[in-house]
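*Asks:* Right, I'll just put the structure down here and ask away after.
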There are 4 protein chains.
Amino acid sequence: MSQYLFNLKCEDRPGIVALVSTTLHGLGANVLSNSAFSEPVTSTYCMRLRFEVDLSEEKMLAQLQEALQPLGAEISVRNVEQVPNVLVLVSKHDHCLVDLFYRTTHNELAINIPIVISNHEDLREHSEKSGAEYIACSTSHGTEDLEAQVRQAIQNHNIDFVVLARYMQIISPELGAELNGRLVNIHHSFLPGFKGAAPFQQAWERGVKMIGATAHFVTESLDEGPIITQGVTSVSHRDSAADMKLKSKDIERLVLADAVKAMASGKVFLCGAKTVVFD
Amino acid sequence: MSQYLFNLKCEDRPGIVALVSTTLHGLGANVLSNSAFSEPVTSTYCMRLRFEVDLSEEKMLAQLQEALQPLGAEISVRNVEQVPNVLVLVSKHDHCLVDLFYRTTHNELAINIPIVISNHEDLREHSEKSGAEYIACSTSHGTEDLEAQVRQAIQNHNIDFVVLARYMQIISPELGAELNGRLVNIHHSFLPGFKGAAPFQQAWERGVKMIGATAHFVTESLDEGPIITQGVTSVSHRDSAADMKLKSKDIERLVLADAVKAMASGKVFLCGAKTVVFD
Amino acid sequence: MSQYLFNLKCEDRPGIVALVSTTLHGLGANVLSNSAFSEPVTSTYCMRLRFEVDLSEEKMLAQLQEALQPLGAEISVRNVEQVPNVLVLVSKHDHCLVDLFYRTTHNELAINIPIVISNHEDLREHSEKSGAEYIACSTSHGTEDLEAQVRQAIQNHNIDFVVLARYMQIISPELGAELNGRLVNIHHSFLPGFKGAAPFQQAWERGVKMIGATAHFVTESLDEGPIITQGVTSVSHRDSAADMKLKSKDIERLVLADAVKAMASGKVFLCGAKTVVFD
Amino acid sequence: MSQYLFNLKCEDRPGIVALVSTTLHGLGANVLSNSAFSEPVTSTYCMRLRFEVDLSEEKMLAQLQEALQPLGAEISVRNVEQVPNVLVLVSKHDHCLVDLFYRTTHNELAINIPIVISNHEDLREHSEKSGAEYIACSTSHGTEDLEAQVRQAIQNHNIDFVVLARYMQIISPELGAELNGRLVNIHHSFLPGFKGAAPFQQAWERGVKMIGATAHFVTESLDEGPIITQGVTSVSHRDSAADMKLKSKDIERLVLADAVKAMASGKVFLCGAKTVVFD
């Protein structure tokens, strides 16, 4: 008996649940949990289920794909033992990367991080000590070389999705398009407020009473992609812009870890400008 | 086309999803959303779905019940237009009752409150003005008479579930058993802390930094039933026991409203000492 | 022995605390609590203290004012028994007004609301039943007449501050200037995000995972004034724009009540574009 | 000009603020911020202020102590540049220790951790790499030897306060008494709920919807001391006891870091069974 995560996304229409569940039942599978939602703006049906089945993986996949072909759906099936491979891009700030490595090395977050790519050398030691390859590639003359490394790494390491853990560079529209729905950024603000640079200086001058962080998919506009997770914390007049920055780091870590965990467990569906994120 | 909420609870075993979804598909129904969870402690399968179908309600129900009979499941199907009837029991505190009436009269909470029963006269005016019948029944010689009124009201008004909105009396074990899974209480503390009387005095003497409230099913022990929703708020050394009591009222209102909303939309499943509450 | 709230705001410089506290000590006053903060952007010293003294109010005030004259400070002293008078402006939405009246009539919020002014008749019954005068004044040809009523009411009822409880009209720059630091608005969004109209439609299309509300002072730009209190709540893909609007109402009520309570207890200091809000 | 943190705790009585502030004014000091609170249960006056003064530290201290002697107060004055020394006791769990070191090495938390003492070897490498001495001392035959090391370390390293970062052993009543008000523990539950062992198993069986953590002073009873900071996070029926444990680790880290930061900045006052914690 092996357990699998099954994800399906297709245009909504009658009969999807019936077709999926009779197919699974026909394979002798037992559905352990099940979430489905019909996203109204894009008319997209999103379905996630966990099932167990006593059948070879190839056979099961082949039969599933054949049976569900009429739906024209995006389907993914993953053995729960098989942990996703994640490429992390960073710059100099280490708090999100350190947190992701802490969680993976302590078996708190079921992902592999085989490789980290940065435009600086700063985080090499920590990455390598944590068991990841590290590539530093200058972006002083543009991000072309670095993005070539990203493409190469995705192939070499069979990468499932990419995380920008305070990467601080703009992703090219081409790479953004290639990684549609597989590229997650952490933004150090509670979007859509304070989109631009120096959000803490802005927040401090504005005297806000709460600050936040947002994990989102990257689209053409770095800070405007579909939101995956958000978090906030309270601040007061006693907090300087520097204090807010520190408090934000705690939120960024948690919000990004939540988003990566949701991605890794197949709970995130990208539907146009929005996401469906199952609990 | 009418929309229905479908709830199913039964012992977990293979084929439940398949049987339900093929049956619905056979009726021409379209599943709009779907949540299912296999509760491990009690091995209970909990399933909630919303579907639309173009069929008379009686026919649909008859066919569903026949087809799903082999599951030996508790099943309920409700037209989403048909709002649940709720009996509210109160004593003298009005904040939860006022809040529930505000939400129902402003179409924020899809329930009917046809009747309020209390051991005092205090809340008659507000209840009657809000369109509910009001019965006051003294409990100075025990709750037997009042509970007889409750049983009568449940029959007369076709009550779906009962809410203790700061009722302050102990429910008899008999009535508790009769209303198993249909009797919701709001407790002015973050259970399991501060179970007994005067929780705010206790909390203040203990110098806690957060207080909370808990909505739960009533079982034999008033404050110990399965938890449905919980909420907290911050307090500090500046808050007296009386201040905490005021802050608690805001949390009680919200936590109870959340629980009632979840009950009314068929999202709450009682499984032994625990609940499954879908989002 | 009477208790007083003392507020002082002046340009920061050495000796303020010493002068205030020796003056109070000289009057035989006992300081019960004390908060002070030097706001760095505007170099403003904000001080709030609660003291008790056995002296006639006039004598105490006269001596305080004379002694503290060298500071050139804005000073206010209020007997804690003497509750502030608040004018509330509304339109058609009742949730904030109903909540404020609930709290005042249940002695949860120590303010008087002698009068409510609106551009519609809708909330007359509830206001009058709660003991307030109600003036409806059409704004279909501009807010001039209504604002004249506001000025009149402020004089007649010795109003301490004004609350816009979903008033939905733009305050004229003149009235805004007259009421500088005494005019509080509740905005149904987590500023600075979603400033314009229809914030929930915007939030829904954007797929945000949290929504919020902001109480702020009104300045020339309605939605841009210094922030007093903020709150948030979680939403998900399951929430429609209408669901978000309902959830927001709960936050708006709480955030506005917190701001009004802070105002009423002299904890809010306006310093340029920011506020200092003591706990 | 140097900046100082000044803390005072004494029996409440008239004239405290006046004496302190005139004394400081006499020294030419400028008060930058100021918080004071009269704790009613114990009738204790707690005062914290930050001032700057252009005077040698010894002279300033001598004059302050002489002038304030009549108050019979506990007084501490600390140059803000002079960071407190903290001894951390651990066992095998590393999440709180790793977090404290991350914050200190990144200048996010202004403390020194010169030494870590444990009953196991597990955290030696991380501690030593972070610049701390590490002493492992078995507790299989009681904690006497380890507590002797603690006493020695407190002397050798001029320790200001001690943190139990998941130490898992009972502190002897003697050491508890010696370190009264200087010994902080993190408890992996939202006290006063779930005091005993295996709180997550208890919480899971009870089906709670929120879990929390509590930082508190240690008194005779390990889990019952005065609370300093608390935090919570949401859980659902989908979370196993193991999931709750993981979620709790995030809260424990944050709640302990908040408590240590408050301790390090002189904001925590122990008053009988309660604390006063200024913001």
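The values are calculated or read from the model by the stated rules, or taken from the named source; none is laboratory data. Values in this document were obtained by computation on a predicted structure and should not be read as measured data. In this analysis, Cβ positions are derived from the backbone assuming ideal geometry, glycine residues included, and neighbour counts consider all displayed protein chains. Just the protein is used for accessible areas: all its heavy atoms, side chains included, with ligands, DNA and RNA removed. Shrake-Rupley method; radii C 1.70, N 1.55, O 1.52, S 1.80 Å.
*Asks:* Can you say whether residue C:49 is surrounded by 20 or more Cβ atoms within 10 Å (Cβ to Cβ) and within 20 Å of residue C:255 (Cα to Cα), as far as the supplied structure shows?
*Replies:* No.
*Asks:* On the given criteria, is residue D:207 within 9 Å of chain B (Cβ to nearest Cβ) and surrounded by 18 or more Cβ atoms within 10 Å (Cβ to Cβ)?
*Replies:* yes
*Asks:* Here are some conditions: (1) touching a Ser or Thr at 6+ places or on another chain (Cβ under 8 Å); (2) on the phi < 0 side of the Ramachandran plot. Residue A:131 meets all but one. Which one does it not meet?
*Replies:* (2)
*Asks:* Okay, next question. Condition first: out of contact with any strand residue (DSSP E or B) (no Cβ under 7 Å at 6 or more places or on another chain) and farther than 14 Å from residue C:64 by Cα. Now tell me which residues in segment C:1-18 satisfy that.
*Replies:* C:13, C:15, listed by residue number.
*Asks:* Still on this model: When you look at residue A:115, is it surrounded by fewer than 20 Cβ atoms within 10 Å (Cβ to Cβ) and of a type outside the set (D, E, K, R), yes or no?
*Replies:* So residue A:115 fails the test.
*Asks:* Just for segment B:92-107: of the residues that are more than 15 Å from the chain's Cα centre (by Cα) and open to solvent by less than 10 Å² (accessible area, probe 1.4 Å), which one is farthest from residue B:256 (Cα to Cα)?
*Replies:* Residue satisfying both the conditions and the ranking: B:101.
*Asks:* Does segment D:19-35 include one or more residues that are away from chain C (no Cβ under 14 Å) and in contact with a strand residue (DSSP E or B) (Cβ under 7 Å, 6 or more places away or on another chain)?
*Replies:* No, there is no match, as no residue in segment D:19-35 is away from chain C (no Cβ under 14 Å) and in contact with a strand residue (DSSP E or B) (Cβ under 7 Å, 6 or more places away or on another chain).
*Asks:* Same structure again: Within the bounds of segment C:220-227, is there any residue that is outside any loop (DSSP other than H, G, I, E, B) and within 19 Å of the chain's Cα centre (by Cα)?
*Replies:* Taking segment C:220-227 and keeping what is outside any loop (DSSP other than H, G, I, E, B), we get C:227.
Filter again for within 19 Å of the chain's Cα centre (by Cα), leaving C:227.
Yes: one or more hits.
*Asks:* Do any residues in segment D:74-87 that are closer than 21 Å to residue D:63 by Cα have Cβ atoms under 9 Å from those of residues that are open to solvent by 60 Å² or more (accessible area, probe 1.4 Å) and part of a strand (DSSP E or B), where the two are at least six apart or on different chains, and which pairs are they?
*Replies:* From segment D:74-87, the pairs are D:80/D:50.
*Asks:* Okay, next question. Does residue B:276 satisfy the condition of being within 8 Å of chain D (Cβ to nearest Cβ), farther than 30 Å from residue D:269 by Cα and not in a loop (DSSP other than H, G, I, E, B)?
*Replies:* yes
*Asks:* When segment B:223-232 is examined, which residues are found to be more than 7 Å from chain D (Cβ to nearest Cβ), over 12 Å from residue B:188 (Cβ atoms) and open to solvent by 10 Å² or more (accessible area, probe 1.4 Å)?
*Replies:* Answer for segment B:223-232, where residues must be more than 7 Å from chain D (Cβ to nearest Cβ), over 12 Å from residue B:188 (Cβ atoms) and open to solvent by 10 Å² or more (accessible area, probe 1.4 Å): just B:224.
*Asks:* Pull up segment C:1-18, narrow it to residues that are more than 7 Å from chain D (Cβ to nearest Cβ) and either at pLDDT below 90 or over 14 Å from residue C:73 (Cβ atoms) (or both), then point me to the one that is surrounded by the most Cβ atoms within 10 Å (Cβ to Cβ).
*Replies:* Residues of segment C:1-18 more than 7 Å from chain D (Cβ to nearest Cβ): C:1-13, C:16.
Now drop any that are not either at pLDDT below 90 or over 14 Å from residue C:73 (Cβ atoms) (or both), which leaves C:1-5, C:13.
Values: C:1: 8, C:2: 15, C:3: 15, C:4: 24, C:5: 19, C:13: 12.
Looking at residues that are more than 7 Å from chain D (Cβ to nearest Cβ) and either at pLDDT below 90 or over 14 Å from residue C:73 (Cβ atoms) (or both), I get C:4.
*Asks:* Restricting to segment D:118-133, and then to whatever is open to solvent by 30 Å² or more (accessible area, probe 1.4 Å) and farther than 25 Å from residue A:247 by Cα, can you tell me which residue is nearest to the chain's Cα centre (by Cα)?
*Replies:* Among those that are open to solvent by 30 Å² or more (accessible area, probe 1.4 Å) and farther than 25 Å from residue A:247 by Cα, it is D:133.
*Asks:* I've got another one for you. Being within 14 Å of chain D (Cβ to nearest Cβ), touching a residue at least 24 places away in the same chain (Cβ under 8 Å) and either at positive phi or surrounded by 22 or more Cβ atoms within 10 Å (Cβ to Cβ) (or both), is that true of even one residue in segment B:166-182?
*Replies:* For segment B:166-182, residues within 14 Å of chain D (Cβ to nearest Cβ), touching a residue at least 24 places away in the same chain (Cβ under 8 Å) and either at positive phi or surrounded by 22 or more Cβ atoms within 10 Å (Cβ to Cβ) (or both): present.
Here is a yes/no grid of residues against (1) touching a residue at least 24 places away in the same chain (Cβ under 8 Å); (2) open to solvent by less than 20 Å² (accessible area, probe 1.4 Å); (3) closer than 18 Å to residue D:13 by Cα; (4) more than 21 Å from the chain's Cα centre (by Cα):
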| site | (1), (2), (3), (4) |
| --- | --- |
| C:21 | no, yes, yes, yes |
| C:25 | no, no, yes, yes |
| C:34 | no, yes, yes, no |
| C:40 | no, no, no, yes |
| C:53 | yes, yes, yes, yes |
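*Asks:* Restricting attention to segment D:252-268, which residues are facing another protein chain (nearest Cβ under 10 Å) and either surrounded by fewer than 24 Cβ atoms within 10 Å (Cβ to Cβ) or outside any helix (DSSP H, G or I) (or both)?
*Replies:* Correct list: D:254, D:257, D:258, D:261.
*Asks:* Have a look at A:139, A:105 and point out the one that is in the same structural domain as residue A:163 (by TED's automatic domain parsing) and closer than 26 Å to residue D:250 by Cβ.
*Replies:* Just a single option satisfies the conditions, and that option is A:105.
*Asks:* Hey, another quick one. Does segment B:57-65 include one or more residues that are open to solvent by 50 Å² or more (accessible area, probe 1.4 Å), of a type in the set (Asp, Glu) and free of Cβ contacts under 8 Å to residues at least 40 places away in the same chain?
*Replies:* yes
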